[in-house]
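Novice: Quick one: this structure, given as structure tokens, is what I'll be asking you about.
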Amino acid sequence: MKRVMGLNVNRWVSVVGMAVLLLVLSGCNFMMDPKSLMKTPELSSDKETLRSVINTELKGAEIRPRDADDISSIRVVDLNKDGIMEAVVFYETPLEKVKIHGLILENQNDTWVPKVRFDGEGQVLESFELKDVTGNGQINIVAGFSSGDKQLQKGLIVYSYTGSSVERLLELPYNYYVIDDLNADDQLDITVVSLKKDQFTTITTYQYDQASFQELDKLQLDDAVTGYYNVVHGDITPDQRGIILDAVSGELSGYSIMIGMEDGKLVDFIPDRSSTLKDYQIMSGDVNDDGILEIGMLETPKGWEYIAFNDIPWLFSYYKWEPDKGLTFVMQQYMDLAGRFYFNLPKEWWGKVTIDIKSIKDEHIKFVDIDTNATLAEIRFFSLAQWEQVQENWELFARDNDKVIGFLSHTDLKVNKGEKEIKR
């Protein structure tokens, strides 16, 4: 086995779309536009009967799409835990005053029977989740609605199905919302992010208590942002749940805010915004599959400090937050800004490898040892004709229209073409 700087190098290279890892938006909505998802999903054969009943009941009304995590139109679950499965679907009636409605059907003796219709709000169904947010073991319908204007606030409604009717338990304006357990009491809470554009942001966490939702805490962030290009929640430490807001601070630039709860109070864990400022809007997420959310930062390769910004082949460094240490380095990657691939640098390279100053983005990238200038690996763009001549020595990395992107290792580093994406 070849060695580099006396250390084994056996890490992987992955190919992924920049749409997942690098998001540059002019607006402020981190979700997919529901109108782009307006298509009838494919159903398994056992749901075709359900589809037929729904089509008959809706009388040709268009079935609305759902949120970006689950675009299926029909959700099947036992809502009130009575042993009978229900199907929930939202639909549109464009000519009526109330344009969005919900329909719940019950499976009775293998026949789907319509039980309850209920009203939504606005013009667009932004999101649709089925979760127990009351803590009583029953499943609630959590839906977000909007007028379709991304710059305006949306409306969040939590519904409860009793078996014969649908009740509204909570109605709130929001720009973004998160369902999690921030106060670690084993009951889900709802955190709403409300943005006053270019002025401040208010974060409020609610939890259901016996008969109604109560406000647990509220936090105001005096950040004059136009919006957030990404909102993600999960473990920010092994023992702490939290929310990361990736804020827009310019046409391409941004910074990250990390919010969590301590002793029932919302806390801004990284108040120094300059520590997470980045010149590209990198999405936060669990980039290394360790179950902990990381924040991405832009890093200039050694030797490129005085090169024009647009010519620099940037490195992306990811950091996790530790209560006693702050942001600590986790991993580093080279990311193609056109979204064709990324390359995770082996751990043994961190701080010891840079990109050769003669490298040209979209043509030829060389990774070299800082001390010896020895070439360790190369990424190169080939025409189809050129690729035919070199493919015996180079490994296929990615394809881009009439170009082939190849990878050549001068060590024992090998390409792993498995895809990787950050999960919201």
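The values are calculated or read from the model by the stated rules, or taken from the named source; none is laboratory data. On a predicted model such as this, the values are computed, not experimentally measured, just so you know. Cβ sites come from the backbone with ideal geometry, for glycine too, and all protein chains shown count toward neighbours. Ligands, DNA and RNA are excluded from the accessible area calculation, which covers all protein heavy atoms including side chains. Shrake-Rupley method; radii C 1.70, N 1.55, O 1.52, S 1.80 Å.
Novice: What's the number of the condition residue 216 fails, among (1) touching a residue at least 60 places away in the same chain (Cβ under 8 Å); (2) part of a strand (DSSP E or B); (3) of a type in the set (A, V, I, L, M, F, W, C); (4) open to solvent by 30 Å² or more (accessible area, probe 1.4 Å)?
Specialist: (1)
Novice: Report yes if residue 399 is in contact with a helix residue (DSSP H, G or I) (Cβ under 9 Å, 6 or more places away or on another chain), farther than 20 Å from residue 351 by Cβ and not polar (S, T, N, Q), otherwise no.
Specialist: no
Novice: Of all residues in segment 327-356, count the ones that are under 30 Å from residue 384 (Cβ atoms) and surrounded by fewer than 14 Cβ atoms within 10 Å (Cβ to Cβ).
Specialist: 1
Novice: I'd like the full set of residues that are under 19 Å from residue 281 (Cβ atoms) and either more than 31 Å from the chain's Cα centre (by Cα) or without any contact (Cβ under 8 Å) to a residue 12 or more places away in the chain (or both), limited to segment 299-321.
Specialist: The one that is under 19 Å from residue 281 (Cβ atoms) and either more than 31 Å from the chain's Cα centre (by Cα) or without any contact (Cβ under 8 Å) to a residue 12 or more places away in the chain (or both): 310.
Novice: Would you confirm whether any residue within segment 331-350 is basic (Lys, Arg), without any contact (Cβ under 8 Å) to a residue 12 or more places away in the chain and farther than 24 Å from residue 244 by Cβ?
Specialist: No; the residues of segment 331-350 include none that is basic (Lys, Arg), without any contact (Cβ under 8 Å) to a residue 12 or more places away in the chain and farther than 24 Å from residue 244 by Cβ.
Novice: Would you confirm, using the coordinates I've provided, whether residue 53 is at pLDDT 50 or above and either open to solvent by 20 Å² or more (accessible area, probe 1.4 Å) or in a loop (DSSP other than H, G, I, E, B) (or both)?
Specialist: The answer is yes for residue 53.
Novice: Among the listed residues 351, 291, which satisfies the condition of being of a type outside the set (A, V, I, L, M, F, W, C) and at pLDDT 95 or above?
Specialist: So the residue among 351, 291 that is of a type outside the set (A, V, I, L, M, F, W, C) and at pLDDT 95 or above is 291.
Novice: In this structure, does residue 205 turn out to be open to solvent by less than 10 Å² (accessible area, probe 1.4 Å) and either among the β-branched types (Val, Ile, Thr) or within 30 Å of residue 139 (Cα to Cα) (or both)?
Specialist: When the stated conditions are applied, residue 205 passes them.
Novice: Just checking, how many residues over segment 385-409 are closer than 14 Å to residue 343 by Cβ and touching a residue at least 24 places away in the same chain (Cβ under 8 Å)?
Specialist: 7
Novice: I need the full set of residues from segment 402-424 which are modelled with pLDDT of 85 or more and open to solvent by 20 Å² or more (accessible area, probe 1.4 Å), in order please.
Specialist: 402, 403, 408, 409, 410, listed by residue number.
Novice: Quick check: anything in segment 337-355 of a type in the set (Ser, Thr, Tyr), under 20 Å from the mean Cα position of the chain (by Cα) and closer than 27 Å to residue 402 by Cα?
Specialist: Yes, because at least one residue in segment 337-355 is of a type in the set (Ser, Thr, Tyr), under 20 Å from the mean Cα position of the chain (by Cα) and closer than 27 Å to residue 402 by Cα.
Novice: Across segment 368-399, what is the number of residues that are over 11 Å from residue 353 (Cβ atoms) and open to solvent by less than 70 Å² (accessible area, probe 1.4 Å)?
Specialist: 13
Here's the yes/no breakdown for (1) at pLDDT 95 or above; (2) under 16 Å from residue 157 (Cα atoms); (3) under 25 Å from the mean Cα position of the chain (by Cα):
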{"residue": "71", "(1), (2), (3)": "no, no, yes"}
{"residue": "81", "(1), (2), (3)": "no, no, no"}
{"residue": "94", "(1), (2), (3)": "no, no, no"}
{"residue": "97", "(1), (2), (3)": "no, no, no"}
{"residue": "124", "(1), (2), (3)": "no, yes, yes"}
{"residue": "137", "(1), (2), (3)": "no, no, no"}
{"residue": "141", "(1), (2), (3)": "yes, yes, yes"}
